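Colleague: Structure incoming, see below.
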Amino acid sequence: MIWNRRRSPGGDPFGGSTSLAKVPVELIDILDSVDAEHMLIDASEKVIESSDGISTFSIVRDQSLINEQLLRLVRATRRSGQPQETTMELPRGPIGGGIHTLFVRVTPLGDEGLIAILIFDDSEMRRLDSIRRDFVANISHELKTPIGALSILSEAVLGAADDPEAITRFAGRMQVEAKRLSGLVQEIIDLSRLQDDDPLKNGKIFNIADAIKEAIEQTRMASEAKKIDISFTPIDQPQILGDRDQVIMAIHNLVENAVNYSPESTRVAVTLKEIDGLVDVSISDQGIGIPDKDLERIFERFYRVDAARSRETGGTGLGLSIVKHVATNHGGDVSVWSVEGAGSTFTIRFPQANAQERLHVGGNEI
Ligand code: ADP
């Protein structure tokens, strides 16, 4: 049998020096072929081998397991000599309500105290299931409104064959409804893409200041039309882990709302701060603000404070639910402060890339 220590050319894969056990290459091949993340633990409880995805759970540090529940399971396996199974919930980041739902199987291997841990990530399936169920219910209702309007307007056009002025008026309204319908379809596509993706698993580390600049740039036409000045002069250049396009989309939605719900010739300020391993992006406006009673609900899909006004600006009520999805999926959160008539500040936070492991240990902040 060929013995090999994988991912450790010339040294220890984790930078430590205590791992003594060697792992048969065939065993690793078998583990790699299972559709699960895996780890191998030696008799001294050191992690001597792990698949790449393990790092997204923040359960290993310096070659040691740092999640209590998992440690208990490993010890129970060692004591009983029998495989043990459990389901576990781990936070996706140090803040926000996002969780990984994991099914874990711990199996003893041979007489040398080697233990295999297999982790099956169920979160995606559960999340998609519940989201799809209620999404389908309210989406059909939302689509019916512009389609119904188009149908009534087209009848009105037919009935006004000898009144060119009325035809022009109806055609203008048809254009508005058609635009609304296409905006709605685009946001539904965006939302379903988000729901199919795990940005921590498939993500990359990127500079968030540059992403914010792109998001602001995408709003330039609308802000210039309303003579709204958007300021952003970052001092920090923090990096985060995730899907850059999704983060740009979320920040763009917040900046666009700030412009849409503000009067002409006001100011929007975007700030970026690093605080204790977190990256805070705040978007403040001097707009109409949000009544207290609505603050809790604005992140719900299709929720609008004033449906007529939102329709005027081409709003769909989906923008903030997209923002919330992006934040939660990145292990972060989004919050709002607002005073009616004075303005609003939305803050979206993400774990800073290199500080993620420091903050997020086995579900506890340390
Ligand atoms: P919409 O497409 O209607 O803008 P969103 O999900 O983006 O949908 O926002 C939900 C609702 O929250 C909006 O309809 C609006 O009433 C309110 N809102 C969002 N951002 C702001 C803001 N910056 N100022 C005032 N109200 C806002």
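Colleague: If I stretch the segment between Gln195 and Leu143 completely, what's the gain in nm (0.36 nm per residue apart, minus their alpha carbon distance), one decimal?
Modeller: 16.7 nm
Colleague: Need one word for the chain: rounded, prolate or oblate. Basis is the Cα gyration tensor (sqrt eigenvalues a ≥ b ≥ c); a/c below 1.5 gives rounded, then a/b vs b/c decides.
Modeller: On the way: a/c = 3.04, a/b = 2.11, b/c = 1.44.
Taking the square roots of the gyration eigenvalues as a ≥ b ≥ c, the chain is prolate.
Colleague: Here is a follow-up. Please give the charge dipole size of the chain, origin at the Cα centre, charges +1 on K and R Cβ atoms and -1 on D and E Cβ atoms. Round to the nearest 20 debye.
Modeller: About 240 debye.
Colleague: In whole percent, how big is the carbon plus sulfur part of the accessible area of the chain, probe 1.4 Å, protein atoms only?
Modeller: Of the solvent-accessible surface of the chain, carbon and sulfur hold 52 percent.
Colleague: Also, I was wondering about something else. Accessible surface of Ser335 in the full protein assembly, 1.4 angstrom probe, to the nearest 10 Å²?
Modeller: In the full protein context, Ser335 sits at about 60 Å².
Colleague: Can you tell which of Gln175, Gln352, Gln286 shows the greatest fluctuation in a Gaussian network model of the chain with Cα springs below 10 Å?
Modeller: Residue with maximal mean-square fluctuation among Gln175, Gln352, Gln286: Gln175.
Colleague: With unit charges on the beta carbons (Lys and Arg positive, Asp and Glu negative) and the dipole taken about the Cα centre of the chain, which residue among Pro234, Ile95, Phe302 sits farthest to the positive side?
Modeller: Going by the charge dipole, the pick is Ile95.
Colleague: Still on this model: Over the range 78-218, what relative contact order in percent results from Cα pairs under 8 Å that are six or more residues apart?
Modeller: Relative CO of the range 78-218 lands at 14 percent.
Colleague: If the only charges are +1 at each Lys and Arg Cβ and -1 at each Asp and Glu Cβ, what is the size of the charge dipole of the range 200-366 around the Cα centre, to the nearest 20 debye?
Modeller: Numbers: 18 positive and 24 negative charges, 63 e Å.
My answer is approximately 300 debye.
Colleague: Can I ask one more? Answer with one residue from Val270, Leu320, Gly289: the one whose Cα lies farthest towards the positive end of the charge dipole of the range 259-330, charges on Cβ with Lys, Arg +1 and Asp, Glu -1.
Modeller: Positive-most Cα among the choices belongs to Leu320.
Colleague: Then there is this: What number, in percent, do you get for the relative contact order of the chain if the mean sequence gap of Cα pairs under 8 Å and at least 6 apart is divided by its residue count?
Modeller: 16 percent
Colleague: For the range 122-196, what does the accessible surface come to per residue with a 1.4 Å probe? Please give it in Å². Numbers along the way, then the final one.
Modeller: Details: 4840 Å² over 75 residues.
Result: 64 Å² per residue.
Colleague: What figure, in Å² to the nearest 10, do you get for the accessible area of Leu109 with a 1.4 Å probe and non-protein molecules left out?
Modeller: 50 Å²
Colleague: Let me ask something additional. Assign one of three labels to the range 224-269, namely rounded, prolate or oblate, based on the Cα gyration tensor with a ≥ b ≥ c the square roots of its eigenvalues; rounded applies when a/c is under 1.5, prolate when it is not and a/b is larger than b/c, and oblate otherwise.
Modeller: oblate
Colleague: Suppose each label sits 7 Å from its Cα in the direction of the beta carbon; what would the Arg75-Arg169 distance come out to in nanometres?
Modeller: 7.9 nm
Colleague: I've got another one for you. Using the Cα centre of the range 122-196 as origin and beta-carbon charges of +1 (Lys, Arg) and -1 (Asp, Glu), tell me which of Val136, Ile152, Ile167 is placed farthest towards the positive end of the dipole.
Modeller: Sorting the options by dipole projection puts first Val136.
Colleague: Still on this structure, please answer the following. Cα-Cα over 30 Å: which of Lys213/Lys324; Lys204/Lys293; Lys46/Lys204; Lys144/Lys201; Lys179/Lys226; Lys46/Lys273?
Modeller: Pairs exceeding 30 Å: Lys204/Lys293; Lys144/Lys201; Lys46/Lys273.
Colleague: I've got another one for you. On a 0 to 90° scale, report how tilted helix 68-80 is relative to the longest principal axis of the chain, with both axes built from alpha carbons and the result rounded to the nearest 10.
Modeller: Between helix and principal axis, roughly 30 degrees.
Colleague: When a/c reaches 1.5 or more, the comparison of a/b and b/c decides; with that in mind, is the range 189-270 rounded, prolate or oblate per its Cα gyration tensor?
Modeller: oblate
Colleague: By how many degrees, 0 to 90 and rounded to 10, does the Cα axis of helix 123-159 deviate from the longest principal axis of the chain?
Modeller: The angle comes out near 10 degrees.
Colleague: Quick check: with the 1.4 Å probe, what order do Arg180, Arg349, Arg297, Arg304 take by accessible area, largest first?
Modeller: My answer, sorted largest first, is Arg297, Arg349, Arg304, Arg180.
Colleague: Roll a 1.4 Å probe over the protein chains and send me the accessible area per residue for the range 14-121 in Å².
Modeller: Working: 4900 Å² over 108 residues.
Value returned for the range 14-121: 45 Å² of accessible area per residue.
Colleague: Let me ask another. If you build a Gaussian network model of the chain, linking Cα atoms that sit under 10 Å apart, which residue out of Thr271, Thr233, Thr168 swings the most?
Modeller: Thr168
The values are calculated or read from the model by the stated rules, or taken from the named source; none is laboratory data. Bear in mind that the values here come from a model prediction, so they are computed numbers and not experimental data. Because the Cβ atoms are built from the backbone with ideal geometry, glycine has one as well, and the counts that use them run over all protein chains shown. We work out accessible area using only protein heavy atoms, side chains counted, and drop any ligands, DNA or RNA first. Shrake-Rupley method; radii C 1.70, N 1.55, O 1.52, S 1.80 Å.
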